[in-house]
Each structure stands twice: as structure tokens, then as C-alpha cells.
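Peer 1: Questions regarding the structure given below will be posed in turn.
The values are calculated or read from the model by the stated rules, or taken from the named source; none is laboratory data. Please read these numbers as outputs of a predicted model, since none were measured by experiment. For neighbour counting, all protein chains shown are included, and Cβ atoms are generated from backbone atoms with ideal geometry for every residue, glycine included.
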Amino acid sequence: MVAKVDNTKELKLDYPINWKYKIITAKEHNAKNIAKEILKEREHSIKKSQNSTGGKYASHSLEVLVHNDDDRKALFEALKQHKHIKFVL
């Protein structure tokens, strides 16, 4: 499924869709545990992407099935609010 953008820049998605979030954590925090804490029993996958140049931070790709726009945005907010996540894309 491909995301399409119209002239108003509103994102048009066909749900349900697998959505990827990029999360940045301090290197010492376990991103798998953080994802499990937020998503509970919800099926997801998480893979380490890379470490920052100084080695202080690590980025991870988190993929999860989202069911609608509200679900996608709510997960983004939950990730953003977690105390050990520094940044979410």
C-alpha cells in the first residue's frame, strides 16, 4: 500500500496499514522493552538501525499495523511521551 499526498498535503492512507516509526533512545535503554511496554500484546517488530556518531543514542525502526488515522496518531503520541524515547519520526 502506498501513501498518497494530494495538493492540500493531507496524507491519504488505505487502512489498515503497516506503519513504521523511527525511535531514538539513549543507547543504554532497551528499545524492545520500551515498545512492549507501550504496545502491550499488540503485534510489532523492532530493529536497531544505527548508533549516533558519539555512540550516546541508538535509532530503531518500529513497525506496527495501524487501523486508522487516530490509531496511528495515538501511537505516535504514546511513543513521544515515553520517558526513555528522545525523538520519534
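Peer 1: For segment 53-70, give me each residue that is without any contact (Cβ under 8 Å) to a residue 40 or more places away in the chain and closer than 23 Å to residue 13 by Cβ.
Peer 2: 60, 70, listed by residue number.
Peer 1: While we're here: Please state which of the following conditions residue 51 fails to meet, knowing it meets all the rest: (1) touching a helix residue (DSSP H, G or I) at 6+ places or on another chain (Cβ under 9 Å); (2) surrounded by 12 or more Cβ atoms within 10 Å (Cβ to Cβ); (3) modelled with pLDDT under 95.
Peer 2: Looking at each condition in turn, residue 51 falls short on (1).
Peer 1: Among the listed residues 2, 66, identify the single one that is modelled with pLDDT of 95 or more and hydrophobic (A, V, I, L, M, F, W, C).
Peer 2: Going through 2, 66 in turn, the sole match is 66.
Peer 1: Say we look at segment 71-89 and pick out the residues that are farther than 18 Å from residue 13 by Cβ and free of Cβ contacts under 8 Å to residues at least 12 places away in the same chain; which of these is nearest to the chain's Cα centre (by Cα)?
Peer 2: Filtering first and then ranking leaves 80.
Peer 1: Given (1) part of a loop (DSSP other than H, G, I, E, B); (2) surrounded by 11 or more Cβ atoms within 10 Å (Cβ to Cβ), where does residue 36 come up short, assuming only one miss?
Peer 2: (1)
Peer 1: Moving on. Tally time: how many residues in segment 13-33 are polar (S, T, N, Q), exposed (fewer than 13 other Cβ atoms within 10 Å of the Cβ) and assigned to a strand (DSSP E or B)?
Peer 2: 1
Peer 1: Would you be able to say whether some residue in segment 78-88 is part of a strand (DSSP E or B) and out of contact with any Phe, Trp or Tyr (no Cβ under 7 Å at 6 or more places or on another chain)?
Peer 2: Within segment 78-88, one or more residues are part of a strand (DSSP E or B) and out of contact with any Phe, Trp or Tyr (no Cβ under 7 Å at 6 or more places or on another chain).
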